[in-house]
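Before any comments, here is the structure.
The values are calculated or read from the model by the stated rules, or taken from the named source; none is laboratory data. If you're wondering where the values come from, they're calculated on a predicted model, not measured in any experiment. So basically every Cβ, Gly included, is an ideal-geometry build from the backbone, and we count neighbours across all protein chains shown.
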Amino acid sequence: MKVLILAGGFGTRLSEYTDSIPKPMIPIGNKPIIEHIISIYSKYGFNEFIIALGYKGDVIKNHFNNFKSKLKIELIDTGSETLTGGRIKRLKDHFKEPFFLTYGDGVSDIDIGKLLKFHKSHKKTLTVTAVRPPARFGYLSLEHDTVTKFSEKVDRGENWINGGFFVAESKIFDFIDGDNTIFEKEPLEKLASMGELKAFKHEGFWQCMDHKIDKIKLDELCLKNKAPWLK
């Protein structure tokens with residue numbers, strides 16, 4: 001199975017880095033985060049990747065042109081202004097069979113084999129990995145204006161969110177109109193309303209890199225040899 005990595009966004013919340021390089025090329029430890037993501041899949045034997053390029057795509061091209069590996073990595077420009085759904089739609093001809101899909105800015109200790117097995121078991125159009133987000137702030141329980149309970153930075157939030165790491169059937173392209181489609185809006189909303197979207201619940205480690213504090217956290221885990229996705 002092929003793996004599609006969306007790597008074309010502007011990464012504006014990390015502008016101190018993305019003014020010069022695209023977000024997937026921001027280093028975590030001693031290599032760009034996109035290499036960490038590739039390693040998550042290759043560890044389970046999935047070695048064929050298509051990377052959807054956009055903003056500063058030449059930086060990613062130059063990196064992988066000098067990348068020595070047995071992996072098959074295809075780099076395709078999907079437009080600097082194209083939205084997430086549009087990037088996927090532009091690559092329709094490359095996927096005639098089910099494929100993995102993920103973002104270029106998040107890592108996890110997810111078991112890709114179990115994810116695929118779950119997807120095959122329900123025979124629906126799309127599986128999304130559901131994760132509990134790391135809590136950024138202290139938690140308050142309130143009754144009117146009185147704090148009844150205070151917890152400083154609990155480990156996990158209470159709600160499930162989209163953690164990426166999708167498995168998609170090729171018919172997913174039928175749910176995407178074009179370049180201006182946000183994948184996380186109409187396509188996922190429609191699939192959910194039709195009962196065609198299933199969630200693989202992952203209770204383990206997951207972390208996206210939206211802000212500088214996220215990068216610092218991921219760097220520290222690598223430095224201390226405590227990065228769960230590398231084990």
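Here is how the numbers come out for the structure above:
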item	result
Where a residue in region 177-194 is in contact (Cβ under 8 Å) with a residue 24 or more places away in the chain and its partner, wherever it lies, is surrounded by fewer than 13 Cβ atoms within 10 Å (Cβ to Cβ) and in a loop (DSSP other than H, G, I, E, B), with Cβ under 8 Å and at least six apart	ASP179/GLU81; GLU186/ASP177
Pair list, Cβ under 6 Å, 6 or more apart: region 91-109 residue in contact (Cβ under 8 Å) with a residue 12 or more places away in the chain and surrounded by fewer than 23 Cβ atoms within 10 Å (Cβ to Cβ), other residue part of a strand (DSSP E or B) and among the basic types (Lys, Arg)	PHE99/LYS2
Every residue from region 87-114 that is over 21 Å from PRO27 (Cα atoms) and either of a type in the set (S, T, N, Q) or assigned to a helix (DSSP H, G or I) (or both)	ARG87, ILE88, LYS89, ARG90, LYS92, ASP93, HIS94, ILE112, GLY113, LYS114
Residue within region 150-171 that is out of contact with any Ser or Thr (no Cβ under 9 Å at 6 or more places or on another chain) and at pLDDT 95 or above present	yes
Flag if ASP93 is of a type in the set (D, E, K, R) and under 13 Å from the mean Cα position of the chain (by Cα)	no
Members of region 211-231 found to be of a type in the set (Lys, Arg) and assigned to a helix (DSSP H, G or I), listed by number	LYS212, LYS215, LYS217
